[in-house]
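Here is the structure we will look at, set down as structure tokens.
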Amino acid sequence: MPLVAVAHGSRDPRSATTVGELLAVVRDRRPGLAVKGAFLDLSTPRLLDVLTALHREGHREVVVAPLLLGRAFHARVDLPALLEEAHERLPMLRTSVADVLGPDPGLEAAALRRLAEVGVRPGAPGVGVVLAATGSSHAPANARVRAIAERWAHTQGWSGVRAAFASAADPDVPSAVAALRARGARRIAVASYFLAPGLLPDRVRAQAGTAAVVAEPLGAATEVADVVLDRYDLASQDLGAARSA
């Protein structure tokens, strides 16, 4: 059954381009799987349009996989509302919604690889790492990012690791940098816990300034593609079980 991977969307065209690159990797890793990209807002094609097109092609079962790193507002409110509208328009179309991408060891591996690409590897002496994420008014979503930072602080051998948020939550990047310097970090690196480039990753980069090295967003990493496929497999199994029940 088709996989419809739905991202939030952005006015920044780099975001949609990166999503397309990620889905190309997903297709390469699962030849024969029909993979469609869609967006909740701001970018095209929109989710309802993609589901309608699949229905017209004769598909009656679809897995919708949110390309969202956490279970914040878009996953808890926006996506369910759009799927409810889709079910009203297309009552014969059955959808199974996969879980969000994070937390997952694969995302952490991708973030660590992006850091390595800018010269920051585990155990690098005197390095303090900021794990920068979007931030949410939903406290559990922020807590999951902080948990990753705490785990890295104990396992990666750096001088320290602090979570920071681009919006809606504290601390911001400058505050996290100050905390790391206060505990002795001589170099600062920023790990980007973002799927794709856009306004908030740019804000993080600007806040970090020239004194820090900033890794790229997760993007079209093979580790992320594998997480997408893991989520698809679990959701398709759920749909199959419901069909046979």
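Note down the relative contact order for the chain as a percent, whole number, built from C-alpha pairs under 8 angstrom at least six residues apart.
Over the chain, the number comes to 24 percent.
Longest span of the chain, sites excluded, free of trypsin sites (Lys or Arg not before Pro) in DSSP loop with at most 13 other C-beta atoms within 10 Å? Before the final figure, lay out the partial values.
On the way: sites that count: Arg11, Arg60, Arg183, Arg186.
In the chain, the maximal stretch lacking such sites is 61-182.
Give me the extension gain from Val213 to Ala168: residue separation times 0.36 nm, minus the current Cα-Cα distance, reported in nm with one decimal. Before the final figure, lay out the partial values.
On the way: separation 45, 0.36 × 45 = 16.20 nm, distance 2.36 nm.
Difference between extended and current length: 13.8 nm.
Could you size up the charge dipole of the range 69-139 around its Cα centre, putting +1 on the beta carbon of Lys and Arg and -1 on that of Asp and Glu, and report it in debye to the nearest 20?
With only Lys, Arg, Asp and Glu charged at Cβ, the dipole is about 240 debye.
Taking the Cα centre of the range 133-234 as origin, work out the dipole magnitude from +1 charges on Lys and Arg Cβ and -1 charges on Asp and Glu Cβ, in debye rounded to 20. Intermediate results must be reported in sequence, preceding the final value.
Working: 11 positive and 9 negative charges, 114 e Å.
Magnitude of the dipole: close to 540 debye.
Using amide H atoms built 1.01 Å from N in the peptide plane, name the residues 5+ places from Phe165, or on other chains, whose amide H lies under 5 Å from its own.
HN-HN under 5 Å from Phe165: Ala133, Asp172, Val173.
For the range 26-104, just say rounded, prolate or oblate: build the C-alpha gyration tensor, square-root its eigenvalues into a ≥ b ≥ c, call rounded for a/c under 1.5, and beyond that prolate if a/b exceeds b/c, oblate if not.
Judged from the Cα gyration tensor, the range 26-104 comes out oblate (a/c at least 1.5, b/c at or above a/b).
Between the range 189-224 and the range 80-94, how many Å separate their Cα centres?
Here the two parts' Cα centres lie 35 Å apart.
Roll a 1.4 Å probe over the protein chains and send me the accessible area per residue for the chain in Å².
45
In whole Hz and in residue order, list the ³J(HN,Hα) couplings for the range 154-162 that follow from phi through the Karplus curve 6.51 cos²θ - 1.76 cosθ + 1.60, θ = phi - 60°; x for Gly and Pro.
With coefficients 6.51, -1.76 and 1.60, one gets 9, 10, 9, x, 8, 5, x, 9, 10 Hz.
Between Ala206 and Ala34, what's the calculated FRET efficiency when r is the beta-carbon distance and R0 is 35 Å? Round to 0.05. Write out the running numbers ahead of the final one.
Values: r = 39 Å, r/R0 = 1.13.
FRET efficiency, Ala206 to Ala34: 0.35.
Which one, Ala75, Leu93, Val4, projects farthest toward the positive side of the charge dipole computed for the chain from Cβ point charges (K/R +1, D/E -1)?
Positive-end residue among those listed: Ala75.
Under the rule of at least 5 residues apart or a separate chain, name every residue whose amide H is placed under 5 Å from the amide H of Val190.
Hits under the 5 Å cutoff: Val130, Val213, Val214, Ala215.
Stretch Thr222-Ser175 to full length: gain in nm at 0.36 nm per residue minus the Cα-Cα span?
Extra length available between Thr222 and Ser175 comes to 13.7 nm.
Roughly how much of Glu61 is accessible, in Å² to the nearest 10, using a 1.4 Å probe?
The value for Glu61 is about 40 Å².
Of His59, His154, which has the most accessible area with a 1.4 Å probe, and how do the rest follow in descending order?
The ordering from most to least exposed comes out as His154, His59.
Using the crude model of +1 on Lys and Arg Cβ and -1 on Asp and Glu Cβ, and no other charge, please compute the dipole size for the chain relative to its Cα centre, in debye to 20. Please list the in-between numbers first.
Details: 28 positive and 25 negative charges, 130 e Å.
Its charge dipole is roughly 620 debye.
With springs connecting C-alpha atoms under 10 Å apart, model the chain as a Gaussian network and identify which of Ala53, Ala143, Ala133 has the largest mean-square fluctuation.
Ala53
Of all the accessible heavy-atom surface of the range 1-150, with the other protein chains kept in place and a 1.4 Å probe, what percent is carbon and sulfur?
Looking at the range 1-150 in its full context, I get 54 percent from C and S.
Can you list the residues, at least 5 places off or on another chain, whose amide H is less than 5 Å from the amide H of Leu67, using H built in the peptide plane?
Val6, Ala7
Considering only Ala133, Leu112, Pro13, whose Cα is most displaced toward the positive end of the charge dipole of the chain, charges sitting on Cβ of Lys, Arg (+1) and Asp, Glu (-1)?
Selected residue: Leu112.
The values are calculated or read from the model by the stated rules, or taken from the named source; none is laboratory data. The structure displayed is predicted, hence computed values, not measured ones. Virtual Cβ from ideal backbone geometry, glycine too; neighbours counted across all protein chains shown. The accessibility values were calculated without ligands, DNA or RNA, using every heavy atom of the protein model including side chains. Shrake-Rupley method; radii C 1.70, N 1.55, O 1.52, S 1.80 Å.
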